[in-house]
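Student: Okay, here's the structure, questions in a sec.
The values are calculated or read from the model by the stated rules, or taken from the named source; none is laboratory data. Since we're looking at a predicted model, the values are computed, not measured. Note that we place each Cβ from the backbone using ideal geometry, even for glycine, and neighbour counts take in every protein chain shown.
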Number of protein chains: 2
Amino acid sequence: MTKCGEATGPVTMQSVAKAAGVSPMTVSNTFKYPERVQEETRRRVREVAAELGYIPNHVAGNLASGQSRVIGAVIPSIKNSSFYKYVRGMQDAAAETGYELVLKLADTKRQETAAIRTFIGLRVAGMTLVGNEHEDQAADLLRKTGVPVVEAWVHRDPLDMAVGYSAAAATRAMVDHLAAAGRRRMGFIGYAGDVASRYTERLPAFEERMRQHGLDPGLCHLADEADGFGAGPKALDALHRMDGSIDALLCPTDIVAAGVLFECGRRGWSVPERLAVAGWGDYEIASEISPQITTVQPNAYEMGRTAIDMVVARAAGLESGTRLTDTGFEIIARASTAAGME
Amino acid sequence: MTKCGEATGPVTMQSVAKAAGVSPMTVSNTFKYPERVQEETRRRVREVAAELGYIPNHVAGNLASGQSRVIGAVIPSIKNSSFYKYVRGMQDAAAETGYELVLKLADTKRQETAAIRTFIGLRVAGMTLVGNEHEDQAADLLRKTGVPVVEAWVHRDPLDMAVGYSAAAATRAMVDHLAAAGRRRMGFIGYAGDVASRYTERLPAFEERMRQHGLDPGLCHLADEADGFGAGPKALDALHRMDGSIDALLCPTDIVAAGVLFECGRRGWSVPERLAVAGWGDYEIASEISPQITTVQPNAYEMGRTAIDMVVARAAGLESGTRLTDTGFEIIARASTAAGME
DNA sequence: TTTTGATTTTGTAGCGCTACAATGGCAGAG
DNA sequence: CTCTGCCATTGTAGCGCTACAAAATCAAAA
């Protein structure tokens, strides 16, 4: 029975308590520890709260309890569909454990630091970051405050905790795959400039593995990360000039690989006969384009889930939690790297 | 001069005040209203705060002031690169106006409602949503709390405020563009099922405009939104069966258009000679694929900026703010729809 | 020197909620 | 009929900060 017409100021726990004829603590308990409140009382409080349109003020709750149910995730970009799956994994895991996930985008290290500062200011229960390269200031902040933090997409030297897979291992696996398909003159496309370690790890692994196969690891080209599809044609051009007999190409992303495929089309090169093309990241385009692109599937969803589980475990006080989780990867072999002779 | 070794409990405003020999209010003002504090004092407070590693607790600040510098954005997905630009626009505008933008992903209406509830629980200063179709419960919540909220990507019937462009106008412009290029048998691909109005607006506009041109508007196919690239081949197949002389195709996204291009490649159809293909959304792939795809460029970045500006204006108490902003669109004409006879 | 007015600083009183200890009520044991 | 033990419920205090008004400071004017 709502009395209509009365001034509807902000509905507070106090007002719900008064309307339900109980103390504020009972209202609080009804929402936070329902088992502490008798069924009958609980039902009535819930009813009154719903009628009044009460929404608990988590800001006040956080302040009073010193605890938060919010986890902040900093992500470098959302252009990459792998990150989409990563975020989905985090979202699902958070929902299942009763936490809220909020995101902040940060394209640069400086923005990452700002995002971390914001999240700390909001006193989140924990955070997830991408990569393990941060500004000193950011690392200090995290260490000093001791918030649970998981670095995803890396699997070494965690600030606190980390979850990821070995880009080096994936690179080796891809070289093995191409070698098994009979390729010999493999080219490698990397990224130039100040890029994340999940990219820089790859070239040394490529060179090492090529040597182990007795192959020449010198066919490398560094592309501009901002180029997207466009990096493909440029890189193919450069590498083909270096060695006209190049017969395989490892690309940093499926997007670049698709760019290479478009360029092959223009040149009239058939893939995989003339050139085998390998991508990275299991983007949607890799399975839709013709020929379909062989790729590294990084288990992004699983990684996201694990990241949140680690944060939650630490936030819940389980100090024994794992500091490092390897969620692995998978080489998805497709037409773009099929063996030359069937 | 930090006294080392002492128990470093959480650094609060109180402790900074004590260490700097001023009252807590002076510390508060130093950060919130620097001009109220004398230069000398301000400098000292800042110094001490930095030394102690003080990070203002915005949770407490929000509670005390009843105000927040956080804006929540609910986005339906991050797969679409237009949303990326939209988010970037929001991020930049928020940073410039001194607000913090946090994101929540919501693929479904139910998740959207949950996200809205979370943001309200966090007492954000305002929110942005995508689209104008929400659960009744969500609309109630927003109305009742009166938080400033902007619906983006739509330009009608705002809950509170809205920013977007007319998908119908863009559809008409695209039909005109194709007609001007000499196309007569145009096919339309839409999305089946319960999709957002920014999609459903298009078909009626297509049909109406086709009739105005004296053309047959019957060549329509509804695809599955989840199909991505894969929708292209399916739709082309269906429409070609309906009318073998189909000479143009309006796709719901550049992704679908790219899928159509792949399928044309398989069939040996040349684009645009045999079939003109138009996309939507100005995805990266549209300008990278060959031939480049004509598309609708929705000014997503601008839209994001405007959304935040509207929220901020309302949050700052300027009730006179605009309720509805049209950020327009642009038809980017490319090779995929070039006139048949040059 | 006293007064005035502007500027800078400081108490006071909460914001809405939750931890904790304490209360009240009520069953069954003595 | 009292006492113990247990549960449901309730005050009390305070989380860290800010709005507001009051107080202190100080230079210039009278």
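Student: When the range B:71-94 is examined, which residues are found to be more than 16 Å from B:E302 (Cα to Cα), of a type in the set (G, A, S) and not in a loop (DSSP other than H, G, I, E, B)?
Tutor: Listed by number, the list holds a single entry, B:G72.
Student: A:P56 is checked against (1) within 11 Å of DNA strand C (Cβ to nearest atom); (2) closer than 30 Å to A:P148 by Cα; (3) part of a helix (DSSP H, G or I) and fails just one. What number does that condition carry?
Tutor: Single failed check for A:P56: (3).
Student: Can you work out which of the residues in the range B:14-31 that are loosely packed, with under 14 Cβ neighbours inside 10 Å and assigned to a helix (DSSP H, G or I) is farthest from DNA strand C (Cβ to nearest atom)? Steps first, please.
Tutor: First, the residues of the range B:14-31 that are loosely packed, with under 14 Cβ neighbours inside 10 Å: B:14, B:21, B:23, B:25.
Those left that are additionally assigned to a helix (DSSP H, G or I): B:14, B:25.
Details: B:Q14: 10, B:M25: 4 Å.
Top of the filtered list is B:Q14.
Student: Among the candidates A:I289, A:I293, which residue alone is within 26 Å of A:G190 (Cβ to Cβ), crowded, with 24+ Cβ neighbours inside 10 Å, within 13 Å of chain B (Cβ to nearest Cβ) and at pLDDT below 90?
Tutor: On the way: A:I293 fails: at pLDDT below 90.
Of the residues listed, the single one that is within 26 Å of A:G190 (Cβ to Cβ), crowded, with 24+ Cβ neighbours inside 10 Å, within 13 Å of chain B (Cβ to nearest Cβ) and at pLDDT below 90 is A:I289.
Student: To continue, here is another question. Just give me the residues in the range A:110-138 being acidic (D, E) and surrounded by 22 or more Cβ atoms within 10 Å (Cβ to Cβ), in sequence order. Talk me through it step by step, then tell me what you get.
Tutor: Filtering the range A:110-138 for residues acidic (D, E) gives A:112, A:133, A:135-136.
Within the range A:110-138, just A:E112 meets the criteria.
Student: Six or more apart or on different chains, Cβ under 7 Å: which pairs go from a residue in the range A:114-125 that's at the interface with chain B (Cβ under 7 Å from one of its Cβ atoms) to one that's buried (at least 21 other Cβ atoms within 10 Å of the Cβ) and part of a helix (DSSP H, G or I)? Could you list them?
Tutor: A:L122/B:V59; A:R123/A:N62; A:R123/B:V59
Student: Somewhere in the range B:95-107, is a residue surrounded by 22 or more Cβ atoms within 10 Å (Cβ to Cβ), assigned by TED's automatic domain parsing to the domain that holds B:I308 and in a helix (DSSP H, G or I)?
Tutor: no
Student: A:R143 - would you say it is over 19 Å from the mean Cα position of the chain (by Cα), surrounded by fewer than 18 Cβ atoms within 10 Å (Cβ to Cβ) and either within 24 Å of A:V59 (Cα to Cα) or of a type in the set (K, R) (or both)?
Tutor: Values: over 19 Å from the mean Cα position of the chain (by Cα): yes; surrounded by fewer than 18 Cβ atoms within 10 Å (Cβ to Cβ): yes; either within 24 Å of A:V59 (Cα to Cα) or of a type in the set (K, R) (or both): yes.
Spelling it out, A:R143 is indeed over 19 Å from the mean Cα position of the chain (by Cα), surrounded by fewer than 18 Cβ atoms within 10 Å (Cβ to Cβ) and either within 24 Å of A:V59 (Cα to Cα) or of a type in the set (K, R) (or both).
Student: Of the residues in the range A:32-49, how many are within 10 Å of DNA strand C (Cβ to nearest atom), surrounded by fewer than 18 Cβ atoms within 10 Å (Cβ to Cβ) and either within 15 Å of A:A17 (Cα to Cα) or in contact (Cβ under 8 Å) with a residue 12 or more places away in the chain (or both)?
Tutor: Our first condition is that a residue be within 10 Å of DNA strand C (Cβ to nearest atom); within the range A:32-49, this holds for A:32-33, A:36, A:49.
From the residues that got through so far, the ones that are surrounded by fewer than 18 Cβ atoms within 10 Å (Cβ to Cβ) too are A:32-33, A:36.
Checking which are either within 15 Å of A:A17 (Cα to Cα) or in contact (Cβ under 8 Å) with a residue 12 or more places away in the chain (or both) leaves us with A:32.
Within the range A:32-49, residues that are within 10 Å of DNA strand C (Cβ to nearest atom), surrounded by fewer than 18 Cβ atoms within 10 Å (Cβ to Cβ) and either within 15 Å of A:A17 (Cα to Cα) or in contact (Cβ under 8 Å) with a residue 12 or more places away in the chain (or both) number 1.
Student: What number of residues within the range B:59-94 satisfy the criterion of being farther than 22 Å from B:L142 by Cβ, crowded, with 19+ Cβ neighbours inside 10 Å, modelled with pLDDT of 90 or more and within 7 Å of another protein chain (Cβ to nearest Cβ)?
Tutor: 2
Student: Another question, if that's okay. Please go through the range B:219-251 and pick out each residue that is more than 27 Å from the chain's Cα centre (by Cα), in contact (Cβ under 8 Å) with a residue 12 or more places away in the chain and part of a loop (DSSP other than H, G, I, E, B).
Tutor: Those that are more than 27 Å from the chain's Cα centre (by Cα), in contact (Cβ under 8 Å) with a residue 12 or more places away in the chain and part of a loop (DSSP other than H, G, I, E, B): B:L219, B:D243, B:S245, B:I246, B:D247.
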